[in-house]
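What follows is a single structure, written as structure tokens, with notes after it.
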Amino acid sequence: MSQTTLVTGASSGIGKELAIQFAKHGDNVVLVARSEDKLNDLAEQIRRDYEVVATVICSDLGTTDGVDRLCNQLKDQSIVIDTLVNNAGFGALGKFAELSIDRQTNMLMVNVVALTRLTRALLPAMIERGQGGVLNVGSIAAYQAGPNMSVYYASKAYVLSFTEGLREELAGTGLHVTCLEPGATETGFGEDSGMGKLDMFSSSTMTAQAVAQAGYKGFHKNEDVVIPGWKNRLLVTSVGFLPRFATRKLVGKLQRVQSGE
Ligand SMILES: NC(=O)c1ccc[n+]([C@@H]2O[C@H](COP(=O)([O-])OP(=O)(O)OC[C@H]3O[C@@H](n4cnc5c(N)ncnc54)[C@H](OP(=O)(O)O)[C@@H]3O)[C@@H](O)[C@H]2O)c1
């Protein structure tokens, strides 16, 4: 029998490609984001190409109400989720004291709180069923502090730590738990966050499709962490050999100089 995968942030970029990967491998999909038209277009494409059930649920994950409404809609429509893909997220380049607190708080709501709340809401039934799992989308930003983008980097450090903790808690349940850690990827993220103008971002991007394929494959094999692309893996390995004060100074410099200050 088909399993059902819910993907947050499925309206574009990596989330859209992850939804396609799960559908391509036979899962029914629940597509979640705010952009209704984009979700409907994707649902139509998925139904046509893969003959699975694709359900659209519009939700603003920047509020706890939004997450709770999403859970209620799943209940109302009797949709049981096997796999949760927490992908929705965004970043903002700039100094903490200068970026609006509303934008940064909203980032924490989407990147951290919604991911946590949704996982807590869906996990007990997933454990009972003993199939599927949780695929969280973090970032290679998780491995060091990121001055001039401090909240985003910290939010992704949370995603990695949370996922690793959860993985140990769920050992033996049959559930897969994986953290997908992309580096720079060609999506709307670059322009939206302001990172797209940085050389460190634009010099080595991957396609969202390649990132999603690596993520799906790693989740299927129940890998703990998936870092797509050898350059990103090399970067993360190198960071591990350097003291934290050095990596944060380097990242801060790259993000400050390039942002034109
Ligand atoms: N692109 C990169 O270089 C890169 C690198 C490392 C990690 N990542 C991570 O990858 C994930 C996906 O980003 P992407 O690169 O694919 O960027 P993207 O194309 O901008 O996609 C972001 C997705 O998140 C959704 N989203 C944002 N705010 C939301 C909200 N309040 N409620 C519901 N959905 C919301 C957006 O949908 P709506 O706007 O329709 O709501 C969209 O579907 C993020 O977690 C990001 O941090 C990206």
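The values are calculated or read from the model by the stated rules, or taken from the named source; none is laboratory data. This one's a predicted model, so the numbers in the text were calculated from it and none came from an experiment. Cβ coordinates were reconstructed from backbone atoms using ideal geometry, including for glycine residues, and neighbour counts include every protein chain displayed. Just so you know, the surface numbers come from the protein's heavy atoms only, side chains and all, with ligands and any DNA or RNA stripped out. Shrake-Rupley method; radii C 1.70, N 1.55, O 1.52, S 1.80 Å.
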Original post:
With each pseudo-label sitting 7 Å past Cα toward Cβ, what's the Gln77-Ser203 distance in nm, one decimal?
Top reply: 4.4 nm
Subject >> Listed residues Tyr50, His176, Met149: farthest to the positive end of the dipole of region 4-258 (Cβ charges) >> reply: Met149
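At a threshold of 8 angstrom on Cα-Cα distance, excluding pairs fewer than six apart, so keeping six or more, what relative contact order does region 4-258 reach in percent? Working shown, then result.
On the way: 470 pairs, mean separation 48.2, N = 255.
That works out to 19 percent.
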Subject >> Accessible area in square angstrom per residue, region 4-258, 1.4 angstrom probe >> reply: 47 Å²
Original post:
Under a point-charge model restricted to the Cβ atoms of Lys and Arg (+1) and Asp and Glu (-1), what is the dipole moment magnitude of region 4-258 relative to its Cα centre, in debye to the nearest 20?
Top reply: 860 debye
Original post:
Anyone know which of Gln131, Gln77, Gln144 comes out most mobile in the 10 Å Cα GNM of the chain?
Top reply: Gln77
Original post:
Counting other Cβ atoms within 10 Å, which GluC sites (Glu not before Pro) in region 1-110 have at most 10 and lie in a DSSP loop?
Top reply: Glu51, Glu98
Original post:
Taking the simple approach of a point 7 Å from Cα along Cα-to-Cβ for both His220 and Glu128, what is their distance in nm?
Top reply: 3.0 nm
Original post:
For the chain, what size does the Cα cloud have along each of its three principal axes, sorted from largest down, in whole Å?
Top reply: 53, 38, 32
Original post:
When the chain is treated as a GNM, springs tying every alpha-carbon pair under 10 Å, which of Asp76, Asp60, Asp37 comes out with the largest mean-square fluctuation?
Top reply: Asp76
Original post:
Taking the Cα-to-Cβ direction at Arg244 and at Thr64 and moving 7 Å from each Cα, how far apart do the two end points lie in nm?
Top reply: 2.9 nm
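How much of the accessible area of the chain, in percent, comes from carbon and sulfur atoms when a 1.4 Å probe is used? List each step's numbers first, then the result.
Values: 6330 of 12510 Å².
The computed percentage sits at 51.
Which of the residue pairs Lys24/Lys75; Lys197/Lys231; Lys38/Lys156; Lys38/Lys197 have a Cα-Cα distance greater than 22 Å in the structure shown?
From Lys24/Lys75; Lys197/Lys231; Lys38/Lys156; Lys38/Lys197, over 22 Å: Lys24/Lys75; Lys38/Lys156; Lys38/Lys197.
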